[in-house]
Amino acid sequence: GVKMPIQVLDQSTINKIAAGEVIERPSSVVKELVEKGLSGTDCFIVDVQVKPGNSIIIEIDNEDGIDIEQCSTLHRIIEEHLDRDIEDYELEVGSAGITSPFKVLKQYKKNIGNEVEVLTKSGLKLNGILKEADEDKFTVTITKKVKTETSKRKVEVSEDLVFGYDEIKYTKYLIRFK
């Protein structure tokens, strides 16, 4: 894909940040910075956290996986717009860990066709292939071995299970080391 140049922030956002408004509601401002920094690229935000002590942690991802350059560009943009003289902070920009739980729909979409591990709030843990995902729910195809009338050996049957996002503790990409 064509890498678009990173957008420069408009003056009003810069003024807001310069006026120190960033101190009152840091994560929404940081998120806005990240969104602007990523606009025109194929990256998306997974998570923006501002922790006590002004530690800002940003996770980004895209369809093909994030490269270091994208992280450092974003790091630079945010540093340019958050003034350490007004307020000191720590900044970490990283890609969503390959095995960290999915946090946004785009991560589900990106992993359709991949094997995932799901842990439900009721404590059921299962592995299967992520089949589809939309705003409200996602479907995982699991394979289980069952005995049949005709065959002495167990046969594998597939079953689609649908989960609402509120029913699960996490879904994550499952890496099988062959």
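For the range 37-49, putting each phi into the Karplus relation 6.51 cos²θ - 1.76 cosθ + 1.60 with θ = phi - 60° gives couplings of x, 8, 5, x, 9, 9, 8, 9, 7, 9, 7, 10, 10 Hz, in residue order, rounded to whole numbers and with x for Gly and Pro.
What the phi angles of the range 58-69 give under the Karplus curve with 6.51, -1.76 and 1.60, with θ = phi - 60°, is a coupling list of 10, 10, 10, 7, 8, 4, 9, x, 8, 9, 4, 4 Hz, glycine and proline written as x.
Apolar share of the accessible surface for the range 65-169: 48 percent from carbon plus sulfur atoms, 1.4 Å probe. Taking θ as phi - 60° and the Karplus parameters 6.51, -1.76 and 1.60, the scalar couplings of the range 28-33 work out to 5, 5, 4, 4, 5, 4 Hz in sequence order, x denoting glycine and proline.
Surface analysis of the range 28-134 yields an accessible area of 51 Å² per residue, using protein heavy atoms and a 1.4 Å probe. Highest-first packing order for the peptide set 149-159, 79-89, 52-62 is 52-62, 79-89, 149-159, based on the mean count of other beta carbon atoms within 10 Å.
Annotation: amide H-H contacts under 5 Å for K169 (H modelled 1.01 Å from N, sequence separation of 5 or more, or interchain): L119, T120, K121. With the alpha-carbon atoms of the range 39-178 aligned to their principal axes, the span from lowest to highest coordinate is 76, 29, 29 Å, starting with the largest.
Among K110/K169; K103/K169; K106/K137; K121/K147; K131/K172; K110/K172, which pairs are too far apart, with a Cα-Cα distance over 22 Å? Going by Cα-Cα distance, K121/K147 fall outside the 22 Å limit.
The values are calculated or read from the model by the stated rules, or taken from the named source; none is laboratory data. Since the model is a prediction, treat every value here as computed from it, not as a measurement. Cβ atoms come from the backbone with ideal geometry, glycine included; neighbour counts cover every protein chain shown. To get the accessible areas, we keep the full protein, side chains included, count just its heavy atoms, and leave off ligands, DNA and RNA. Shrake-Rupley method; radii C 1.70, N 1.55, O 1.52, S 1.80 Å.
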